[in-house]
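The values are calculated or read from the model by the stated rules, or taken from the named source; none is laboratory data. Here the structure is a predicted model, which is why all the values come from computation and not from measurement. Reconstructed Cβ throughout: ideal geometry from the backbone, glycine too, with neighbour counts over all protein chains shown.
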Amino acid sequence: MKTTLKALICTALCCAAWSAFAVAPPPSTTTLTFKAPQASPSPTCGGSTVGSVSLNGAGTPDVAILTSTYEAPTPTPPASPTPVAGGKVQLRIATDGLGNPTSVANNVCWVRIDGAGGGVDVDANGQACFPVDLDGLSTLGLTDCNGNPLQNVTCATPLVGFEANYIGEGNAHNSSIQTDLTIECGDCGTSTDLTIGLSDVDGQGSPPPGYSGCWEYTLTVQNCTPFDLTGVKAQGGTAGWLNANDTSVTASSGTATISYNRRNQVITWIGDLAQGESVDITVHVCGTIKPSTACGTTMYLSGPWSATYTDPNTGLPVKTDYTGRAQLTVTCPP
């Protein structure tokens, strides 16, 4: 009787152990590919594979990131990989601990940029797609592990690191990959239009209440059309709290002027751009933050900028998307 009972217990335990082993999800492997962003036809990640991108202004994806996750071949690789049947992929960007995007090697804080919902569901092919507006990251309202606001990628950022993390159904298994994307503002990359992008603010980006100082920000306009363009026009304004008499503007080519619209100043650049040529427009502003300004207040240095040109084929005006606004955050000392 004891022998029989012992055999039954052993059989039950062995079966339970085998059952648990049998339902354990297989290991997985994830790949990450950078794609030229494609609005239509769907999917967005259906464009060509790229190794580098330029920046085309806030509001438009600069790159589409395609992830593919497969069941890891074990112990013998199959003839073709099997896509995972479910789960989500989370996308993170590398930052330097101050909110600035950086490379994988220099990463201090990974910041998730895939939105709410725990990630993006993989499709029947084990794939997920993430359109990323590199120079519009600041509009997402995200912060890094130190509480710093996530900043935009700029032309001064040579490499931007991404991490794709696959999470299986029930969080039972996962795999991840880390890859750098090259930023080459000197090249048009995937863009075929006129582009305009706003660089980071140079100066005290986290001033205390009552602070007086000066700041600079740079707009880069590049002709990525197949034509040489004449009479290209870029325009934007300054904020009303700045000292109007201290504003100045310089440009690497063309002519930049300052005019007035009530309390705001309107800055206009006009010039010619050969195919592939770019111009840097640098705006210098000064001002004093009121001592009563609340901690955490966002102070804008500029309004959105845009650029226009006349299409040589149609004779019709063409306008770029608007850039973001140069800004700083009032920060109280600890």
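Observations
- Among residues of the range 253-293 being among the small types (Gly, Ala, Ser) and surrounded by 14 or more Cβ atoms within 10 Å (Cβ to Cβ), the one that is farthest from residue 216 (Cα to Cα) is 276.
- Number of the exception - residue 312 against (1) surrounded by 14 or more Cβ atoms within 10 Å (Cβ to Cβ); (2) in contact (Cβ under 8 Å) with a residue 60 or more places away in the chain: (1)
- Residue list for the range 223-237, restricted to those being under 25 Å from the mean Cα position of the chain (by Cα) and in a strand (DSSP E or B): 223, 234, 235, 236, 237
- In the range 185-235, residue modelled with the lowest pLDDT [restricted to those that are among the charged types (D, E, K, R) and closer than 16 Å to residue 281 by Cα]: 200
- Residue 220 touching a residue at least 12 places away in the same chain (Cβ under 8 Å), within 27 Å of the chain's Cα centre (by Cα) and farther than 20 Å from residue 298 by Cβ: yes
- Taking the criterion of being surrounded by fewer than 19 Cβ atoms within 10 Å (Cβ to Cβ) and in a loop (DSSP other than H, G, I, E, B), the residues of the range 81-107 that qualify are 81, 85, 86, 96, 97, 98, 103, 104, 105, 106.
- Here is the figure for the range 54-95: residues that are closer than 13 Å to residue 132 by Cβ and at pLDDT below 85 total 5.
- Meets criteria (in contact with a Phe, Trp or Tyr (Cβ under 6 Å, 6 or more places away or on another chain), assigned by TED's automatic domain parsing to the domain that holds residue 217, over 18 Å from residue 192 (Cα atoms) and in a loop (DSSP other than H, G, I, E, B)) for residue 312: no
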